[in-house]
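A quick write-up on the structure given underneath.
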Amino acid sequence: MKLKSLSLQEKVKVLARMDASASMRAICAEFDIKSSTFYPFTDRMEEEKKEVDIYRDTPVVCWLGFEVVNILGMYYILPPYPGYANEVGESFRALTPLWFVRATYGVASVYVVADTYDKATKMSKQPGSTQRAVTHAAADTLVWQALASVMVPGFTINRVCAASLLVLAKTLPLVPLNTRKWITTAIGLGCIPFIVHPIDTGVHWAMDNSVRKYLDLSQEPHQ
């Protein structure tokens, strides 16, 4: 199978599998392609490494996230994307006013919209791309980011912190309430690096088996 016989959607999926560190043998088996077809993708990946994605590869300015980590004196090995702002907000829910938590969701939402626009623009510059492909690429990014960056992780940290505060109240009732809240916040922040990858993988799986079946990103024009 030659590279040009792959649809644009399949090419995007191949690049996604490579980005997820899947082996060449696994990718070739999944897409029924020869190893010689695989090499142009490796060349493309090298080219893309030179082009920095400010939404995925760099610490886009999110002063809220940095300040929160500094207040606690903790440092986490994860990119400080604005998409993580709401998880930080949920971690601090017990200690801060409600408007603070809502503001972090606003920061994360702006990030989602910006990334959606960025990916749609990049898709429009792809050879053979159509307006339909651009629209569906934007929809795919918007749905994925809304779920993986805002809704699912926000809900997860919310429930982790709520459960932690409840358990601490029952097991350590003599510990001051404010101390228990700080412990809960630390637990929430500590969970963030460990939930990112599983949530991303889960959302990819769910979308591959649902909404992405209806997204048309092929290079062939519609009749």
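FYI, it's all coordinate maths here, none of it is from the lab. All of these numbers come straight from a predicted model, not from anything done at the bench. Don't worry about glycine lacking a Cβ; one is built from the backbone with ideal geometry, like all the others, and counts go over all protein chains shown.
Listing for the model above:
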quantity: Binned Cα-Cα distances of region 129-210, short to long, each 5 Å bin given as a whole percent; calculated: 3, 14, 18, 16, 12, 11, 9, 7, 5, 3, 2, 1, 0
quantity: Cβ-Cβ FRET estimate between Ala163 and Tyr117, R0 fixed at 45 Å, reported to 0.05; calculated: 0.80
quantity: For region 180-190, 3J(HN,Hα) per residue [Karplus equation, 6.51 cos²θ - 1.76 cosθ + 1.60, θ = phi - 60°, Hz, x = Gly/Pro]; calculated: 5, 5, 5, 5, 4, 4, 4, 5, x, 4, x
quantity: Computed label-point distance, nm, for sites Gln126 and Ala206 using a 7 Å Cα→Cβ extension; calculated: 2.4 nm
quantity: Calculated SAXS-style log₁₀ I(q)/I(0) at q = 0.12 Å⁻¹ - region 63-214, Debye, Cα scatterers; calculated: -0.57
quantity: Total formal charge among the other residues, if their Cβ is under 14 angstrom from that of Ile157, Lys/Arg +1 and Asp/Glu -1; calculated: 0
quantity: Computed E for Val175/Met151 - FRET, C-beta separation, R0 25 angstrom, nearest 0.05; calculated: 0.20
quantity: Label-point gap, in nm, between Val110 and Ala26 - each point 7 angstrom along Cα→Cβ; calculated: 3.7 nm
quantity: Efficiency of FRET between Leu95 and His197 - r from beta-carbon atoms, R0 45 angstrom, step 0.05; calculated: 0.95
